[in-house]
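Here the structure comes first, spelled out in structure tokens, and everything after it is commentary.
Nothing in this text is a laboratory measurement; each read-out follows from the coordinates by a stated rule. Nothing here was measured: the structure is a model prediction, and the numbers come from that model. Neighbour counts run over all protein chains shown; Cβ positions are idealised from the backbone, glycine included.
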Amino acid sequence: MAPDDPVGLTDIAEMLGVSKMTASRYAKRDGFPAPVKIARGRVWSRGKVERWAAKTLPLHGGRPPRKEQSC
């Protein structure tokens with residue numbers, strides 16, 4: 001598969017060997033590649049996700065900090 005191939009959360013989960021829920025959590029982290037919105041949802045660039053994983057995984061230190069919600 002080419003690095004520019006679009007991948008969804010299910011593909012990301014398989015690539016990284018994690019559950020779809022964990023892949024979804026990764027996608028919400030600061031520094032995770034931005035998705036491209038398409039008619040049926042969101043997709044990411046395979047190459048960008050692979051580079052993020054190589055640089056970031058395994059995660060250390062638990063959950064990412066919560067983002068402040070404005071009132």
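Quick look at the values:
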| read-out | value |
| --- | --- |
| 5 Å-binned pair-distance histogram of the chain (Cα, whole percent) | 3, 15, 27, 26, 16, 8, 4, 1, 0 |
| J(HN,Hα) series, the stretch 26-33, from Karplus relation 6.51 cos²θ - 1.76 cosθ + 1.60, nearest Hz, glycine and proline x | 4, 5, 8, 6, 4, x, 6, x |
| Extension gain, ALA34 back to ASP4 (0.36 nm per residue minus Cα-Cα distance, nm) | 9.5 nm |
| Point-to-point label distance, MET15-LYS55, nm (Cα→Cβ direction, 7 Å offset) | 1.4 |
